[in-house]
């Protein structure tokens, strides 16, 4: 299945059945993420049964989709099944460029009025479920889905507005690189990602990354990123952590 679009209950049942079969990560309580993202998460990975939200934030701090795909990439690469529900702007091509294994990705761009039912069914048989909640969804429905993820051992990743997540990740600052003297091509963006939550994630954290990314990651020494700021580019505020700057390239 290469980034299959899932339409209708029959297709959904056909996906959940094979996805429920034991896989390489079947008994593990943690789904891995790229090493550079581990510092954002209290258990250094995506703990099964948890809810890890990716907030969209202000439009000028966009980058949520790239961050979302970066979270999916390592889990799918190591054998986990992933599904994305209700995010019509997310394309299989972009997922592949971010390193997501399309053979283990299902896209449900328009779940229709049965959004909660579709998400619940996928939670029952898929390791990691990304979803954007409709504007009209009741908080009680969101709470039931989070409880279902805890019971089934799936990781629920809400994209956008969500309350009560164990961890919420958000791109809070960013500046593009590639334009100079009014010309050039945008190549990548240096972003600051914040993490806040409850319990083990109660202490806020921040790291700096290069986004968007591709299939691999590498550490970039801070000396390699030093450059005079362009007059038209707002500087990135210093991160609160002292670790290296990370590039998803």
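The values are calculated or read from the model by the stated rules, or taken from the named source; none is laboratory data. Predicted model only: the values in this text are computed from it and were never measured. Heads up, the Cβs are rebuilt from the backbone with ideal geometry, glycines too, and the neighbour counts pull from every protein chain shown.
The table for this structure:
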quantity: Index of the failed condition, residue 120 passing every other in (1) in contact (Cβ under 8 Å) with a residue 60 or more places away in the chain; (2) out of contact with any strand residue (DSSP E or B) (no Cβ under 8 Å at 6 or more places or on another chain); calculated: (1)
quantity: Candidate set: the stretch 140-151, residues that are farther than 19 Å from residue 32 by Cβ and touching a residue at least 60 places away in the same chain (Cβ under 8 Å); chosen: the one surrounded by the fewest Cβ atoms within 10 Å (Cβ to Cβ); calculated: 151
quantity: Considering residues of the stretch 177-202 that are surrounded by 10 or more Cβ atoms within 10 Å (Cβ to Cβ) and at pLDDT 80 or above only, the residue farthest from residue 68 (Cα to Cα); calculated: 198
quantity: Residue check, residue 100 crowded, with 23+ Cβ neighbours inside 10 Å, farther than 19 Å from residue 43 by Cβ, free of Cβ contacts under 8 Å to residues at least 60 places away in the same chain and over 16 Å from the mean Cα position of the chain (by Cα); calculated: no
